Amino acid sequence: QAQLVESGGGLVQAGGSLSLSCAASGRTGTLYTVGWFRQFPGKEREFVAAINSRNTLSADSVKGRFTISRDNAKNTIYLQMNSLKPDDTAVYYCAARSGLVIRTTESDYAYWGQGTQVTVSS
């Protein structure tokens, strides 16, 4: 089993930046693909970005503003969020899967963090 713990959420004004971190522990050796999802109130989780050993993929809504990265030595992934908009306000979740291919569907990820709130004020 692997455990994921997010940190770095908070309140920021529109146009500002936040950096989220996700620390993995436990059996992390097979977590080849890791990513971020977000959930708006009353909605299902939606894909934000993911990274494997070769590639990254971002949702169109965040492309050019959000950057995902990983530090394998620290078992940590990051989401740098710039030019934030009020529409980015959501709970952000870190997720991981053992497959090598990046997937954008919630059900493809077996491991989840507890979520961190990001609030962007106008």
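For this structure, a couple of remarks:
- Complete set of residues in the stretch 3-22 that are of a type in the set (Asp, Glu) and closer than 14 Å to LYS85 by Cα: none
- Members of the stretch 34-70 that are part of a strand (DSSP E or B) and polar (S, T, N, Q): GLN39, THR56, SER58, THR67, SER69
- Qualifying residue in the stretch 64-75 (condition: at positive phi, surrounded by fewer than 19 Cβ atoms within 10 Å (Cβ to Cβ) and free of Cβ contacts under 8 Å to residues at least 24 places away in the same chain): yes
- Condition check for LEU31: surrounded by 14 or more Cβ atoms within 10 Å (Cβ to Cβ), touching a residue at least 12 places away in the same chain (Cβ under 8 Å) and not in a strand (DSSP E or B): yes
- For GLN117, the criteria (1) surrounded by fewer than 16 Cβ atoms within 10 Å (Cβ to Cβ); (2) assigned to a strand (DSSP E or B); (3) in contact with a helix residue (DSSP H, G or I) (Cβ under 9 Å, 6 or more places away or on another chain) hold in every case but one, which is (3).
- Top-ranked residue of the stretch 76-111 - restricted to ones that are surrounded by fewer than 19 Cβ atoms within 10 Å (Cβ to Cβ) and of a type in the set (Lys, Arg), ranked as farthest from ALA49 (Cα to Cα): LYS85
- Any chance GLN39 is surrounded by 14 or more Cβ atoms within 10 Å (Cβ to Cβ) and out of contact with any Ser or Thr (no Cβ under 7 Å at 6 or more places or on another chain): yes
- Yes/no for TYR93 being assigned to a strand (DSSP E or B), among the aromatic types (Phe, Trp, Tyr), under 14 Å from the mean Cα position of the chain (by Cα) and over 13 Å from ARG38 (Cβ atoms): no
- Residues in the stretch 6-28 that are under 25 Å from VAL101 (Cβ atoms) and either open to solvent by 20 Å² or more (accessible area, probe 1.4 Å) or charged (D, E, K, R) (or both): GLU6, SER21, ALA23, ALA24, SER25, GLY26, ARG27, THR28.
The values are calculated or read from the model by the stated rules, or taken from the named source; none is laboratory data. Keep in mind that what you see is a predicted model, and the values were worked out from it rather than measured. As a convention, Cβ positions derive from the backbone with ideal geometry for all residues, glycine included, and neighbour counts pool all protein chains shown. Protein only, heavy atoms only, side chains kept; ligands, DNA and RNA dropped before computing areas. Shrake-Rupley method; radii C 1.70, N 1.55, O 1.52, S 1.80 Å.
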